[in-house]
Amino acid sequence: MYFKNILLTVFLIPSLFGTTSAFSEIETVVISWAPGLCLESCRRNAESRFSSMPQVAEAVVSPGSDTATFRWKPTARFSFEDLNFAVRGVGLRVDSLIIKVRGLISHDSRNVFLTSLEDGTVFLLLGRIDVEPSMTPIQNSVYSRQLSPALRDRLIKAQNEYKVVTVVGPIFEPNRNNTNLQLIVQTMSETPSLR
């Protein structure tokens, strides 16, 4: 339920900022932290600090909330390190990070990637854990999060048809991963065909 609320926020918050540019890439970033840690003075401080980040066009920390929503600048690369530094600067810790990004698909023999338009941020795409109830997957293992064959085929088809793809989902273990941004595909949409 908590994750669904954050995912819903990714779709609803952009209306607070007006319409987003058709050319924006990393459109929305939503972070959350442990509930009850950021009261009003913390909220104002966090919103001011987050809004001053060079990559951020606008940041909103709702009163009584344990989330912050960022509208990212269209040409700014995403950096978890910079975001994490700002969050820790107000005494908080990122518990989850959900991103909405538009870009183009590429792939190799093992992996599928989404490269955001203008800024060129590359995300390795991962799948959700879908297993039998009797199985216990290793939640923090990238090997438990391989793309399903159907989703991989759909992404590669979008690549072959030169479609722009929008993916919404959490960044997998951003605190542990220094090399690749690994994005779990929670939802995916693509530009419609002209036919």
Completion exercise
Non-local residues with an amide H under 5 Å from the amide H of Val56, with H modelled 1.01 Å from N and Pro and chain starts lacking one, are Lys73
Exercise for the section: Whole number in Å², please: accessible area per residue of the range 26-190, 1.4 Å probe, ligands, DNA and RNA not counted. Expected result: 50
Handout entry: Peptides ranked, highest mean first, by Cβ atoms within 10 Å: ranges 153-164, 110-121
Key = 110-121, 153-164
Practice task
Select from the range 17-97 those trypsin sites (Lys or Arg not before Pro) which occupy a DSSP coil region and have at most 14 other Cβ atoms within 10 Å, ordered by residue number.
Solution key: Arg93
Completion exercise
Taking R0 as 30 Å and r as the Cβ-Cβ distance between Ile156 and Thr75, the FRET efficiency 1/(1 + (r/R0)^6), rounded to the nearest 0.05, comes to 0.65
Handout entry: Whether the range 26-190 is rounded, prolate or oblate, judged on the alpha carbon gyration tensor where a/c under 1.5 counts as rounded
Key = oblate
Fill in the blank from the handout: Note: probe point = Cα of Leu39 + 7 Å toward Cβ; backbone nitrogen < 19 Å; residues of the range 46-88 passing the test are 46-48, 61-67
Exercise for the section: Using a 1.4 Å probe over the heavy atoms of the protein chains, calculate the carbon and sulfur portion of the accessible area of the range 39-111 as a whole percent. Expected result: 47
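The values are calculated or read from the model by the stated rules, or taken from the named source; none is laboratory data. The structure displayed is predicted, hence computed values, not measured ones. Backbone-built Cβ (ideal geometry, glycine too); neighbour counts: all protein chains shown. To get the accessible areas, we keep the full protein, side chains included, count just its heavy atoms, and leave off ligands, DNA and RNA. Shrake-Rupley method; radii C 1.70, N 1.55, O 1.52, S 1.80 Å.
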